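No value in this document is a laboratory result; all are computed from the given coordinates. None of these values were measured; they are calculated from a predicted model. As a convention, Cβ positions derive from the backbone with ideal geometry for all residues, glycine included, and neighbour counts pool all protein chains shown.
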Amino acid sequence: MVSISLCMIVKDEEKTIARCLDSINSVIDEIIIVDTGSTDKTKEIASNYTEKIYDFEWKDDFSVARNFSFSKSTKDYILWMDADEIINLENKNKLIKLKENLNSEIDCISFQTYVSVDESNNPKCICRRNRLVKREKNFKWVGFIHEYIKVDGSICDSDVYIIHNKIKNNENRNLDIYKSNIAKGNQFTDRDLYYYGKELYCNKMWEECIKTLEEFIKRDPFIEEKVDALCKIGRAYINKGQSCIGREYLYKTFEYDEPRGEIIFSIADSFEKERKYKQAIVWYEIILGLELPNDCNQCVNVCCLRFTPHLNLCICYYEINDIAKSYYHHLKCKDMNPLNECVIKNDEFFKSIIKKVD
């Protein structure tokens, strides 16, 4: 059976680090904690699990810190996690089996990450990332932000998934790092520019987002990134109140790949925002006819593929006075996530209507 080092970089994670380590502690053989400047009880809590805690001066570069954490490991394989991530019992058991049966010829194993979950613990967004790597291969992290492990070797996709359960909001941390690099005159790689544009989008800086991602598209990137960039530009225009221009960018994605549920959702949502409910209904219904992806090598917003279309169809059908279909889609939502606040309110509303009819 192989041995595993858990390597983490942390800062001010007193609210989450015990939860994370409790969830994984019994599976791994070594814990490496690299602290980048905590002022709370993070290190004190971590000391209950390991003596291998190292201070590291933060350099606005996640890869540098992660590579330092990897350098301190001593076991066969290295697993990385963030402090706001956990592994539940089901997946802990999967990881134990993986550890017991892992072919040592495999250099890297990817896990799925549930980037966020809903009130009923269903995944809202899923992606796959390289999580477990062979230490002797000395794989390195690349990128000062939105970093990734550059792997050159045999990779195996596992069915293990880790749940990202954020408590702390880092607000403008990522954007500040990008701005700092711009101020220093550092040149952005294509990947840096792409993620900078996405960060601008997340911070609702629509004009800068559009300008940055337009520049990125001119660099003729991979189709996957081009499609996502076009989608973000389209959404930025829609959020600016320019839905017609926004939809043109969304339609353009169809030239590069088959229509994707998330992009169709953006089109539907734009019509709904304009109160063009019949058009919105057509697009939302198309989404429900698409098959769900079997795996998620790229981040997929699962919520946009099933739950939210049903929720929005409930609203759209009500607006055109088709109460039966509105109620049908409400029941679909209730079946998927009965604890959702909107579902609870809608349920109360429909019950009041039924009482009036009775």
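Before moving on, here are some points about what is shown:
- Each residue of region 25-35 is assigned a 3J(HN,Hα), and the resulting list reads 3, 6, 9, 9, 10, 7, 10, 10, 10, 10, 9 Hz, derived from the Karplus form 6.51 cos²θ - 1.76 cosθ + 1.60 (θ = phi - 60°), x at Gly and Pro.
- Packing-based exposure ordering (other Cβ within 10 Å, fewest first) of THR74, THR36, THR212: THR74, THR36, THR212
- FRET efficiency for the TYR148 to SER104 pair, using the beta carbon distance and R₀ = 30 Å, is estimated at 0.80.
- Rounded to 0.05, the FRET efficiency of the ASN239 and GLU136 pair, given R0 = 41 Å and the Cβ-Cβ distance, is 0.30.
- Residues whose placed amide H lies under 5 Å from that of LEU102, excluding near-sequence neighbours: VAL2
- For the listed residue pairs LYS166/LYS325; LYS168/LYS252; LYS204/LYS252; LYS52/LYS94, the alpha carbons are over 30 angstrom apart in LYS166/LYS325; LYS168/LYS252.
- Extension gain, CYS342-GLU291: 0.36 nm per intervening residue step, less the Cα-Cα distance, totals 15.8 nm.
- Region 4-164: C-alpha gyration tensor shape, a/c 1.5 cut-off, then a/b vs b/c: rounded
- Calculated FRET efficiency, TYR328 to GLU274, Cβ-Cβ distance, R0 = 41 Å: about 0.95 to the nearest 0.05.
- Inter-part distance where region 74-134 and region 138-213 are each reduced to a Cα centre, Å: 20
- Footprinting exposure proxy for CYS20, CYS202 (fewest neighbouring C-beta atoms within 10 Å first): CYS202, CYS20
- For the chain, the alpha-carbon coordinates run over 67, 51, 41 Å along the three principal axes, in decreasing order.
- Spin-label model, TYR256 to ASN121: label points 7 Å out along the Cα-to-beta-carbon direction sit 3.8 nm apart.
- Amide H contacts under 5 Å for ILE31, placed H, 5+ residues apart: LEU6
- Antiparallel %, DSSP beta bridges [both residues in the chain], to 5: 50
- Per-residue Cβ neighbour rank within 10 angstrom, fewest leading, LYS334, LYS184, LYS41: LYS184, LYS41, LYS334
- Judged by the gyration tensor of its Cα atoms, with axes a ≥ b ≥ c, region 174-357 is prolate; a/c meets the 1.5 cut and a/b is the larger of a/b and b/c.
- For region 59-67, 3J(HN,Hα) per residue [Karplus equation, 6.51 cos²θ - 1.76 cosθ + 1.60, θ = phi - 60°, Hz, x = Gly/Pro]: 10, 6, 8, 5, 5, 4, 5, 5, 5
- Pairs of Cα atoms nearer than 8 Å and 6+ residues apart set the relative contact order; for region 4-164 it is 26 percent.
- Under 19 Å of direct C-alpha separation, and excluding same-chain neighbours fewer than eight residues apart, LYS184 reaches these lysines: LYS59.
- Based on Cα contacts under 8 Å between residues 6+ apart, the chain shows a relative contact order of 13 percent.
- Under 24 Å from LYS332, Cα to Cα: lysines that are on another chain or at least 8 residues apart: LYS124, LYS273, LYS276, LYS278, LYS345, LYS351, LYS355, LYS356
- When peptides 272-281, 96-105 are sorted by average Cβ neighbour count within 10 Å, with the highest value leading, the order is 272-281, 96-105.
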